[in-house]
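Here's the structure, in structure tokens; my notes come after.
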Amino acid sequence: MNLRFCVIVTIFLNTVFTSSIIAAPIKSGDQHYNNVGFFDIHVCNWPNRPLFFMNLFSTPQFRQVQEIYIYSPENKLVSKMPLDKFRIIAKKGKPEKRVFINQVDINKDFSNGWYTAEIKMIDGSTHRAKDYVIIDEVAIVNEINPQDGAEAILIPKRLQWTPAQGAAYYQIFIRDLWNDGKLILKSKLLDKPYLDIPQGLLEADRWYSWVIHARDSREHVLLGDFNHGSLSAEYKFTTAP
């Protein structure tokens, strides 16, 4: 166990017992959760832009949310999250959720540490959740097979890439560009730098694109779903008739 991790764990244990969270966490010891929902921040490395925070708060009580504020470890306002930007999560047998999302460019004033989401509800109650953020980056994958722009190739059985520095997991998204860019595959999290393509997914004489999302961790009690991730450029190829 490295020194940095030991320091973080110590900070975490101290904070758990001194936190002023109003609502008891749903998952014991995990401050990302409260009675309203789940809070997380990702440090994102995307093509052609500086590092930025992607802030997320998911909740099934979205109709009762009035305002969401995010504060830095120094208790400075990072962002007031807009409530008109969200993704809907609907799973059979579970209440519908909204994931409120916004992006904030990282500047020199941002530091490593516990970031706090303060969620104000219509009924006047306030709930808080926390995420430990380490400002670092996962490299963008740029060495791939098949190569970007490959034309009239045999239907590939595997997509593969050179491992990205700082990445432990990958997720692949494939789109059919002859079908209005329809998403035809969203992979599970992969712990190897390749994806074996399901038989019959790709067809001859077609045009496809794929992107690679790389991340450092998975469902971490300190870092949330993950801490930092990268998104590749859109890579394209066509298959032979």
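The values are calculated or read from the model by the stated rules, or taken from the named source; none is laboratory data. Small disclaimer: the values here were computed from a predicted structure and weren't measured. All Cβ positions, glycine included, derive from the backbone under ideal geometry; neighbour counts span all protein chains shown.
Take GLN199 and tell me if it is part of a loop (DSSP other than H, G, I, E, B), of a type outside the set (Phe, Trp, Tyr) and within 30 Å of PHE38 (Cα to Cα). Spelling it out, it is not the case that GLN199 is part of a loop (DSSP other than H, G, I, E, B), of a type outside the set (Phe, Trp, Tyr) and within 30 Å of PHE38 (Cα to Cα).
Considering region 199-226, and only residues there that are without any contact (Cβ under 8 Å) to a residue 40 or more places away in the chain and surrounded by 12 or more Cβ atoms within 10 Å (Cβ to Cβ), the residue that is farthest from ASP136 (Cα to Cα) turns out to be ARG206.
Would you confirm whether any residue within region 163-185 is without any contact (Cβ under 8 Å) to a residue 60 or more places away in the chain, assigned to a loop (DSSP other than H, G, I, E, B), outside the structural domain of ASP30 (by TED's automatic domain parsing) and among the basic types (Lys, Arg)?
At the first step, the residues of region 163-185 found to be without any contact (Cβ under 8 Å) to a residue 60 or more places away in the chain are 163, 165, 168-185.
Pick out the ones that are also assigned to a loop (DSSP other than H, G, I, E, B) and you get 163, 165, 168, 180-181.
Next cut, outside the structural domain of ASP30 (by TED's automatic domain parsing) only: 163, 165, 168, 180-181.
Next, from what is left, pick out any that are among the basic types (Lys, Arg): none.
Within region 163-185, none of the residues are without any contact (Cβ under 8 Å) to a residue 60 or more places away in the chain, assigned to a loop (DSSP other than H, G, I, E, B), outside the structural domain of ASP30 (by TED's automatic domain parsing) and among the basic types (Lys, Arg).
Scanning region 122-136 for residues that are surrounded by fewer than 17 Cβ atoms within 10 Å (Cβ to Cβ) and touching a residue at least 24 places away in the same chain (Cβ under 8 Å) yields ILE122, ASP123, SER125, THR126, ILE134, ILE135, ASP136. One residue stands out among those in region 140-176 that are in contact with a Pro (Cβ under 9 Å, 6 or more places away or on another chain), among the aliphatic types (A, V, I, L, M) and under 21 Å from GLY229 (Cα atoms): the one that is surrounded by the fewest Cβ atoms within 10 Å (Cβ to Cβ), which is ILE140.
Among the numbered conditions (1) in a strand (DSSP E or B); (2) closer than 22 Å to PHE38 by Cα, the only one that PHE226 does not meet is (1). Summed over region 207-223, the residues that are under 17 Å from ALA167 (Cβ atoms) and either in a loop (DSSP other than H, G, I, E, B) or not aromatic (Phe, Trp, Tyr) (or both) give a count of 11. Considering every residue within region 203-225, establish whether at least one is more than 24 Å from ARG49 (Cα to Cα) and polar (S, T, N, Q). The answer is no; no qualifying residue exists.
A quick yes/no check of all residues on (1) modelled with pLDDT of 95 or more; (2) more than 30 Å from VAL211 (Cβ to Cβ); (3) not aromatic (Phe, Trp, Tyr):
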residue: MET1; (1), (2), (3): no, yes, yes
residue: ILE21; (1), (2), (3): no, yes, yes
residue: ASN34; (1), (2), (3): no, yes, yes
residue: VAL43; (1), (2), (3): yes, no, yes
residue: ASN48; (1), (2), (3): no, no, yes
residue: PHE52; (1), (2), (3): yes, no, no
residue: ILE68; (1), (2), (3): yes, no, yes
residue: SER72; (1), (2), (3): yes, yes, yes
